[in-house]
Amino acid sequence: MRELNLWVLPNSGYDTVPSLREHLYAFHREHPGIKVNIAVRTPRSLWDRLIAAAKEGGKGPDVVQLPSYWTSTLARLGALADLGELDPVLDLARWPASLRAQCRLDGTPRVHSLPWWVEARILYYRRDVLAQAGVAPASLATWDGFKDACRRISKKGLSVAGLQHPVANPNPRESVALADVAPCVWSRGGDLFAADGTRSLFQRERAQRGISDYFQLLSSGAMPLKGESGLAPLDLFEGACALQFSGRRPPPVPRRGPKRLLARRARRHVAAAPFPSGDGTTLLSAWNLGVARSTDVPREAFALLRWLVGGAASASYAQAIGAFPAAEGAAIFGPEDPELRDVFEEAFSRARLIPNLSVLGSLERVFERGMERLVRDVARRRWTPEALRTELIHAASEVDYILSFYAS
Amino acid sequence: MKSRLETLYRYHTRLNRVFLTEDALLDAGVRLASRAVRAERVGVFLAAEGELQLRYALNRDLWLEMDEVVHLKDSSALSRLLEGRRTTLSATAPHAVLYVPLSPSGGDEVLGALRFERPGSRRCFSGAERTTARLLAAELAQNLVRTRSGSARRRQLKRLEALTDLSAVFASSLRVEDGVKLILQGIVRHFSLDRARLYLLERERQVLRGEVSVDLRGRAASLRGEEIPLTGDHRFARVMRGDGPDPLMKRYEERVVYLPLSVQGQNIGLLVVDNLLSQQTIYGEDIGLLRSFAGQIGLAVDNQRLFEEVQSLSLYDHLTGLAVRRYFNQRFQEELYRVERGGPPLSVVMIDVDHFKGINDTFGHQVGDLALKELGALIQKRLRKIDFPARFGGDEIVILLPQASAEDAANIMGRLLVDLRELRIPVPFSSAKEIGMTASIGVAAYPEDGRRAEDLLHRADEALYWVKTRGRDGVCTYQQALLERPSAADR
């Protein structure tokens with residue numbers, strides 16, 4: 001019996017392991033000689049452990065899930081195997097061109113990961129709360145309209161039973177990630193990095209406005225950080241908020257537990273709209289799978305990877321976690337929810353990816369460290385736009401310093 | 001009461017063993033505690049830099065990594081724990097939640113907190129459950145302190161190992177170019193760095209000249225094209241001048257470390273190590289050790305420079321222990337005068353190590369040097385007392401064999417080749433643990449192959465060339481070469 005270690009990110013929170021185990025039954029039927037051990041890693045832990053395995057050797061994963069835009073960086077650090085060596089006739093044609101670029105080491109034809117599943121960020125809202133606050137859903141098309149809706153909900157909408165905040169925080173870490181601010185930056189006409197990957201742009205005026213938009217939600221209290229308990233705040237689907245950014249389909253209503261009544265009531269009023277960027281530009285997040293370079297069983301690891309990213313398996317796993325298969329995107333929707341399907345189809349057609357630059361994994365860490373400092377300011381009620389500006393300029397200098405060595 | 005004591009005793013005995021990592025201890029300890037307190041989920045918060053981080057969670061028997069920061073507010077349940085409260089229940093959570101501090105009994109230090117939850121129920125934790133949870137958390141904290149000190153000891157041992165390993169490299173490095181490459185490879189490996197770069201000071205020109213850079217896979221690249229004037233605003237120049245760090249340097253001081261190399265109070269270069277690509281922190285203890293290594297590296301570089309200067313003035317090559325070319329030429333003339341006056345025969349042998357460039361390129365000059373050193377020792381061991389070997393340049397060695405005909409010389413060299421094939425050169429920092437070596441040898445004799453030194457050397461070289469064309473690893477006299485390859489006589 002060969003054992004494979006599969007490291008995944010928390011794709012469905014506490015249910016990640018049970019849902020993936022269930023999903024892998026079919027793989028085990030096809031490959032009875034392979035046992036798959038699943039470990040759930042946070043992005044930070046995944047990064048640190050992959051780096052340690054690349055530097056010091058030792059036991060790492062055999063197959064690993066990663067944000068698609070880490071592919072180049074991890075390949076460059078020697079953490080990911082060249083999949084072309086494992087399958088000389090590897091064909092990426094079934095995935096869209098934008099996702100194919102996220103599988104390669106930047107600037108080379110070498111493939112180091114394959115797309116598994118994707119999500120495109122949209123805005124969910126509560127029709128009943130918007131009506132109570134006097135907000136027309138059409139006004140949510142722009143960021144200014146969205147901000148105005150938050151203000152109105154804070155004043156008039158919070159009387160709806162169970163409602164605690166206008167907007168649910170999509171980031172459980174009490175932090176702000178590149179993925180959180182990217183669509184806000186794009187909606188203001190800015191960008192995070194130059195297209196050729198040689199310098200940062202997030203410190204420029206337009207990008208700053210986009211990031212500031214996001215931080216104003218936090219600092220105004222419209223989108224809360226964690227509560228006093230340290231527990232993640234409840235979200236729109238649990239009846240606690242009126243607005244929520246998400247890249248996934250609505251989760252099922254819980255069958256038991258204290259949250260079920262509010263959740264059931266909220267679900268009756270949930271509707272969806274494009275991300276409030278004016279032109280519908282939004283974020284496409286792609287999650288890829290790679291084979292670790294340090295694996296002792298590359299053939300078996302590649303067999304698992306190929307099975308997971310395969311059409312039927314990818315679709316069924318994406319379905320189970322409320323996301324979308326990488327090859328099909330929103331086309332997976334059945335006719336049961338045409339309104340939601342239209343919103344997601346629109347989102348997928350206008351969504352952008354964070355670029356797979358050669359060292360983006362490293363740059364993300366620099367950026368997020370800066371964001372952590374600002375979130376700390378928010379928590380201590382000290383955040384100011386000036387502090388944001390200073391922090392972005394410093395982070396940009398650090399990013400440009402790294403790019404001066406490593407940009408391909 | 002009895003049942004609680006039994007629980008505590010069982011808990012104590014189950015945790016009373018060595019856990020290599022914090023993760024393994026907490027996994028075992030939290031699993032047992034969750035059963036004792038009948039919680040469906042337990043979160044583990046660890047204190048770091050004035051904040052609490054949710055690092056792990058046990059959910060329905062599944063151990064999960066978490067990464068959530070909690071910015072503490074004065075009135076929060078977690079804040080109260082850190083201030084010394086024994087247990088806290090959450091009033092705002094939608095289900096039953098109990099917090100207990102991770103604090104060793106009898107100590108003031110709070111390492112973090114445990115959060116016990118019953119997500120499917122509002123049934124509160126009873127007083128007895130709260131007391132049990134608090135006592136188990138105290139026991140767990142006690143073990144956490146022990147595991148952490150064990151990890152610190154292992155890290156300390158690892159550093160000592162690095163110290164020993166690198167000191168051996170310092171001691172054996174003979175040439176600047178080769179020595180620093182090995183030193184940098186050792187530093188990158190032992191301190192898990194992304195990169196190490198070395199710059200040496202050219203005092204006359206007041207510039208830092210790039211020497212070599214080693215990446216996280218141990219690959220070396222020359223930095224010879226890089227020159228940084230000491231008078232400019234470059235960060236390296238700031239460090240060399242002793243100016244304070246600029247704001248950007250302050251930001252990445254945990255990931256880039258500048259280490260001036262100084263000898264007797266004078267800066268001779270700069271070592272820059274970084275973790276910019278991996279974004280891993282270089283911890284203070286490692287920085288301290290790197291600083292002390294910088295002192296040793298400075299000395300090693302300085303010694304190597306002095307060594308090279310001295311070597312150029314010497315009669316004997318310090319690497320191989322053989323005579324240098326200048327001294328050989330002098331002895332060769334003296335021997336020729338002797339044989340011209342009717343003395344016994346004289347042969348001259350030229351030896352070239354096969355694929356020596358490949359050894360240098362693949363395993364580094366350090367290994368190449370060691371190979372030459374071993375070859376020198378072998379030659380001195382195998383030759384007669386009257387023979388005179390010399391390092392002619394690079395990997396070429398010449399030997400004068402007085403009172404030996406070409407055939408005698410070829411026989412002596414044949415025996416040398418047999419011994420040479422058995423020689424094994426150890427290769428550090430490589431999957432190939434050792435390498436073997438062969439050589440090609442050409443022989444020429446006075447007077448049949450020439451009467452002047454340059455003619456004899458030329459003929460020996462031609463014979464050597466013939467061995468190379470036949471596939472290396474052999475001996476050939478010039479006369480044999482003429483027979484086997486008549487064209488050699490025409491050239």
Would you confirm whether any residue within the stretch A:378-400 is within 26 Å of residue A:97 (Cβ to Cβ) and either β-branched (Val, Ile, Thr) or buried (at least 17 other Cβ atoms within 10 Å of the Cβ) (or both)?
no
Scanning the stretch B:112-126 for residues that are crowded, with 20+ Cβ neighbours inside 10 Å and not in a strand (DSSP E or B), which turns out nearest to the other protein chains (Cβ to nearest Cβ)?
B:119
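Looking at residue B:475, is it over 14 Å from residue B:354 (Cβ atoms), touching a residue at least 60 places away in the same chain (Cβ under 8 Å), surrounded by 13 or more Cβ atoms within 10 Å (Cβ to Cβ) and of a type outside the set (Gly, Ala, Ser)? Don't jump to the end; show me each part of the working.
Numbers: over 14 Å from residue B:354 (Cβ atoms): no; touching a residue at least 60 places away in the same chain (Cβ under 8 Å): yes; surrounded by 13 or more Cβ atoms within 10 Å (Cβ to Cβ): yes; of a type outside the set (Gly, Ala, Ser): yes.
No: the conditions fail for residue B:475.
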Residue satisfying all of: in the stretch B:218-235; within 24 Å of the chain's Cα centre (by Cα) and without any contact (Cβ under 8 Å) to a residue 12 or more places away in the chain; farthest from residue B:198 (Cα to Cα) among these
B:219
Across the stretch A:31-71, what is the number of residues that are surrounded by fewer than 13 Cβ atoms within 10 Å (Cβ to Cβ) and closer than 21 Å to residue A:114 by Cα?
1
For the stretch B:211-221, indicate whether the set of residues that are within 13 Å of chain A (Cβ to nearest Cβ) and basic (Lys, Arg) is non-empty.
yes
State whether one or more residues within the stretch A:213-229 are in contact (Cβ under 8 Å) with a residue 24 or more places away in the chain, within 14 Å of another protein chain (Cβ to nearest Cβ), farther than 25 Å from residue A:359 by Cβ and part of a helix (DSSP H, G or I).
yes
Checked the stretch A:182-209 for anything free of Cβ contacts under 8 Å to residues at least 40 places away in the same chain and in a helix (DSSP H, G or I); matches are A:185, A:205, A:206, A:209
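Please find, among A:291, A:309, A:366, the residue that is buried (at least 21 other Cβ atoms within 10 Å of the Cβ), within 14 Å of chain B (Cβ to nearest Cβ) and β-branched (Val, Ile, Thr).
That would be A:366, the only listed residue that is buried (at least 21 other Cβ atoms within 10 Å of the Cβ), within 14 Å of chain B (Cβ to nearest Cβ) and β-branched (Val, Ile, Thr).
Restricting to the stretch B:368-402, name every residue that is in a helix (DSSP H, G or I) and aromatic (Phe, Trp, Tyr). Quick ask: steps written out before the conclusion?
Taking the stretch B:368-402 first, the residues in a helix (DSSP H, G or I) are B:368-382.
Residues satisfying the conditions do not exist here.
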Residue pairs, Cβ under 9 Å, 6 or more apart or interchain, first in the stretch A:151-163 and among the charged types (D, E, K, R), second at pLDDT 80 or above and surrounded by fewer than 14 Cβ atoms within 10 Å (Cβ to Cβ). List them.
A:152/A:134; A:156/A:134
What about residue A:366, is it of a type in the set (A, V, I, L, M, F, W, C) and closer than 30 Å to residue A:194 by Cα?
yes
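Conditions (1) within 21 Å of the chain's Cα centre (by Cα); (2) free of Cβ contacts under 8 Å to residues at least 12 places away in the same chain; (3) not in a helix (DSSP H, G or I), marked per residue:
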site: A:69; (1), (2), (3): yes, no, no
site: A:90; (1), (2), (3): no, no, yes
site: A:108; (1), (2), (3): no, yes, yes
site: A:135; (1), (2), (3): no, no, yes
Out of everything in the stretch A:13-35 that is outside any helix (DSSP H, G or I) and free of Cβ contacts under 8 Å to residues at least 60 places away in the same chain, what residue ends up being farthest from residue A:62 (Cα to Cα)?
A:32
Restricted to the stretch A:75-87, and to residues that are of a type in the set (Gly, Ala, Ser) and within 14 Å of another protein chain (Cβ to nearest Cβ), which residue is surrounded by the fewest Cβ atoms within 10 Å (Cβ to Cβ)?
A:78
Restricting the stretch A:16-45 to residues that are at the interface with chain B (Cβ under 9 Å from one of its Cβ atoms) and not hydroxyl-bearing (Ser, Thr, Tyr), the residue that is farthest from residue A:312 (Cα to Cα)
A:44
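Taking the criterion of being among the aliphatic types (A, V, I, L, M), surrounded by 16 or more Cβ atoms within 10 Å (Cβ to Cβ) and assigned to a helix (DSSP H, G or I), would at least one residue in the stretch A:144-155 satisfy it?
Our first condition is that a residue be among the aliphatic types (A, V, I, L, M); within the stretch A:144-155, this holds for A:149, A:153.
Pick out the ones that are also surrounded by 16 or more Cβ atoms within 10 Å (Cβ to Cβ) and you get A:149, A:153.
So of that shortlist, the ones also assigned to a helix (DSSP H, G or I) come out as A:149, A:153.
Looking for residues that are among the aliphatic types (A, V, I, L, M), surrounded by 16 or more Cβ atoms within 10 Å (Cβ to Cβ) and assigned to a helix (DSSP H, G or I), one finds at least one in the stretch A:144-155, hence yes.
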Residue A:72 fails exactly one of (1) polar (S, T, N, Q); (2) under 20 Å from residue A:352 (Cβ atoms); (3) more than 14 Å from every other protein chain (Cβ to nearest Cβ), namely (3)
Enumeration of residues in the stretch B:52-81 that are within 7 Å of chain A (Cβ to nearest Cβ) and among the basic types (Lys, Arg)
B:73
Given (1) surrounded by 21 or more Cβ atoms within 10 Å (Cβ to Cβ); (2) not assigned by TED's automatic domain parsing to the domain that holds residue A:17, index of the condition residue A:137 fails:
(1)
Can you find a residue that is assigned to a loop (DSSP other than H, G, I, E, B), touching a residue at least 60 places away in the same chain (Cβ under 8 Å) and β-branched (Val, Ile, Thr) anywhere in the stretch A:252-274?
no
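Which one is farthest from the other protein chains (Cβ to nearest Cβ) among residues in the stretch A:147-200 that are under 25 Å from residue A:393 (Cα atoms) and among the charged types (D, E, K, R)?
Filtering the stretch A:147-200 for residues that are under 25 Å from residue A:393 (Cα atoms) and among the charged types (D, E, K, R), the one farthest from the other protein chains (Cβ to nearest Cβ) comes out as A:188.
The values are calculated or read from the model by the stated rules, or taken from the named source; none is laboratory data. Quick caveat, the model's predicted, so the values are computed rather than measured. Using ideal geometry, Cβ is built from the backbone for each residue, glycine included, and neighbour counts are taken over all protein chains shown.
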